[in-house]
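Report on one structure; see the data block that follows.
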Amino acid sequence: MPTADQIKKYVNDERVQDIVDIAAEGGITYWAITPNDAEFAGLPEGKTWTIVEGIEPHPLYPPFNEGREVEAVHYLNADDIRQAYAKLLDLDQDFVCEEYHRYIVQSWIDRDEAEGIDVCMVDAGAADAIVQMAIFGALVYG
């Protein structure tokens with residue numbers, strides 16, 4: 001198992017941002033919605049990202065979602081994502097399916113000194129799992 005220093009070195013700030021971007025572009029969109037100005041404004045010091053758990057009207061299917069409903073607002077920083085990644089990298093983890101686990105493990109295997117982990121191996125589902133682990137400590141959705 002990698003040390004915390006190794007995780008921080010290879011899951012660097014740029015790679016963490018990549019994971020959050022992958023999640024936001026497709027991984028978490030079935031349970032998270034776009035933060036509004038007030039939710040962004042609530043960002044505590046030391047946190048970087050605002051994730052809003054809830055539903056909102058869909059532009060193509062308005063009759064099926066009539067209003068915006070917020071379950072909770074979560075704030076994350078890079079260390080939250082790194083810790084979640086480390087938990088899912090563990091070979092004995094039992095949080096995610098074998099497929100997503102393989103993607104995360106392969107991203108670690110393919111890491112390099114200059115770039116860090118290979119985020120090309122982290123698809124939307126794996127990024128979703130990492131964000132859920134960072135927020136909930138487990139997979140709650142999907």
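The values are calculated or read from the model by the stated rules, or taken from the named source; none is laboratory data. Worth saying up front: this structure is predicted, and the values here are computed from it rather than measured. Methodologically, a virtual Cβ is constructed for each residue, glycine included, from the backbone with ideal geometry; neighbour enumeration extends over all protein chains shown. Heads up: the accessible areas ignore ligands, DNA and RNA and are worked out on the full protein's heavy atoms, side chains in. Shrake-Rupley method; radii C 1.70, N 1.55, O 1.52, S 1.80 Å.
Summary of computed values
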{"read-out": "Solvent exposure of the chain as accessible area per residue, Å², 1.4 Å probe", "value": "56 Å²"}
{"read-out": "Taking all pairs of distinct alpha-carbon atoms in the chain, Kirkwood radius in angstrom", "value": "15.7 Å"}
{"read-out": "Neighbour net charge for K47 - beta-carbon separation under 13 angstrom, K R +1, D E -1", "value": "-4"}
{"read-out": "Residue among A23, A38, A129 with the largest mean-square fluctuation in a Gaussian network model of the chain, springs linking Cα atoms under 10 Å", "value": "A38"}
{"read-out": "Whole-number percent relative contact order across the chain, with pairs defined as alpha carbons under 8 Å at least 6 apart", "value": "29 percent"}
{"read-out": "19 Å Cα-Cα reach of K87 towards aspartates and glutamates, excluding residues that sit fewer than 8 places from it in its own chain", "value": "D5, D13, D18, D79, E98, E99, D110, D118, D123, D128"}
{"read-out": "Cβ-based net charge around V73, under 13 Å, with every Lys or Arg adding one and every Asp or Glu removing one", "value": "-3"}
{"read-out": "Solvent-accessible area, 1.4 Å probe, carbon plus sulfur percent, for the chain", "value": "50 percent"}
{"read-out": "Candidates N36, N12, N77, ranked by Gaussian network fluctuation over the chain, Cα under 10 Å, top entry", "value": "N36"}
{"read-out": "Of E53, E113, E71, the one that fluctuates the most in a GNM where the chain has Cα springs shorter than 10 Å", "value": "E113"}
{"read-out": "Net +/- balance of residues flanking E115 in space, Cβ distance below 14 Å, scoring K and R +1, D and E -1", "value": "-4"}
{"read-out": "Under the span-like rule (Cα at least 15 Å along the axis, Kyte-Doolittle mean at least 0.0), DSSP H helices of the chain", "value": "124-136"}
{"read-out": "Estimated [θ] at 222 nm from DSSP helical runs (n ≥ 4, -39500 (n - 2.57)) normalised by residues in the chain, nearest 500", "value": "-12000 deg cm²/dmol"}
